[in-house]
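For reference, the structure discussed in these notes is given below.
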Amino acid sequence: MALPRLRSVASAFALALSLLSAHAQQPTLTADQIMARVAANQDRSEAARAHYVYVQHSRVLSRKGSAIRCEELTDTRITPTPTGSSQQLLTIQGRLLVKGNYITYNNLPDSKDAKDSTDTNNRDTSLKEIDDDENTDLDLVENIRANLLGDKPGHTKDGINANLFPLTSKQQANYTFILRGREPRNGRDTFHIEFHPKDKNDIAWKGDAWVDTATYEPVVIRTALSRNLPVGIRVLLGTNVPGIGFTAIYAPQPGDQPDGVWFPISLGSEFKIHVLYFFSRQIVVSAENRDFEKTHVTSTILDAESPINTKPQP
């Protein structure tokens, strides 16, 4: 009885040594090599994402102290186009604090130039009589949503500003990457990569990226400004944004398929804005991409008039 048992132990020991040897022989990648694979995957993922339609639910608010000055909940349908993607606002639920009371609205406000127009199809009538001074927080929330989540050509991809994270090869050329080790993130084995601008004088993004060790896709990315705005700029513009930074989470769609197409599925941020030393606001931004559906450019689901079953979260 002892001999077969010893043979079994020996076989298990040999297998363990074999696995350890195979693991030891795997080439050790540098941070730059890992991020180069991430950049290549981003190019392929962008082409694959063009075959998906999905809905982005977002919340943007402006707060002064504990009082919410303006808040908007929106649902936007994102559809592929020959050059990237376009966005169609499906629903909006907003509230604006005016003279101690909230005015609610469910249409996208017009620009100031169209404020006095008799055409109110695109502007909620409850907002028509608001003074420009009272409109500041509304404009702030709208501008932040447009710049971070909007569909400006060449500016926003996949419902998130393309310049927040150095993922593409063009962006990576300006950054230094450091491999900090391997860590579990969102149920995946990941490389922990730290990044910062090569030029220490640049005002850009620094942060951390956790990259899936099997697919070389980003799992989590966190950024912050690489340095504070210089005093001269703050004095000249009268603006400061202390603590600004963003966190993005990525996952394959569909999530139960190992070869699914990776998307940014959420974005979150909370930061302060100081303007001219008398205007101060806390800004909160959150966005979630969901209801993914694979389609083709010619599919009727891209028809702007086709209904979609989605409701904004409370």
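Data overview
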| item | result |
| --- | --- |
| Pair list, Cβ under 8 Å, 6 or more apart: region 152-176 residue of a type in the set (Lys, Arg), other residue modelled with pLDDT of 75 or more | Lys152/Ala146 |
| Some residue of region 41-64 being modelled with pLDDT of 90 or more, surrounded by fewer than 17 Cβ atoms within 10 Å (Cβ to Cβ) and either of a type outside the set (Ser, Thr, Tyr) or in contact with a Lys or Arg (Cβ under 7 Å, 6 or more places away or on another chain) (or both) | yes |
| Any hit, region 76-86, residues being at negative phi, modelled with pLDDT of 90 or more and in a strand (DSSP E or B) | yes |
| Breaking point among (1) of a type outside the set (A, V, I, L, M); (2) modelled with pLDDT under 90; (3) surrounded by 10 or more Cβ atoms within 10 Å (Cβ to Cβ), for Pro4 | (3) |
| Candidate set from region 190-207 (those that are at pLDDT below 95 and among the acidic types (Asp, Glu)); member that is farthest from Asp32 (Cα to Cα) | Asp202 |
| Residue check for Gly255: assigned to a loop (DSSP other than H, G, I, E, B), at pLDDT 50 or above and under 30 Å from Lys64 (Cβ atoms) | no |
| Residues satisfying the stated conditions in region 284-296, i.e. more than 13 Å from Ile78 (Cβ to Cβ), in contact with a strand residue (DSSP E or B) (Cβ under 6 Å, 6 or more places away or on another chain) and modelled with pLDDT under 90 | Lys294 |
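The values are calculated or read from the model by the stated rules, or taken from the named source; none is laboratory data. From a predicted model like this one, the values you see are computed outputs, not experimental measurements. Glycine also receives a Cβ, built like all others from the backbone with ideal geometry; neighbour counts cover every protein chain displayed.
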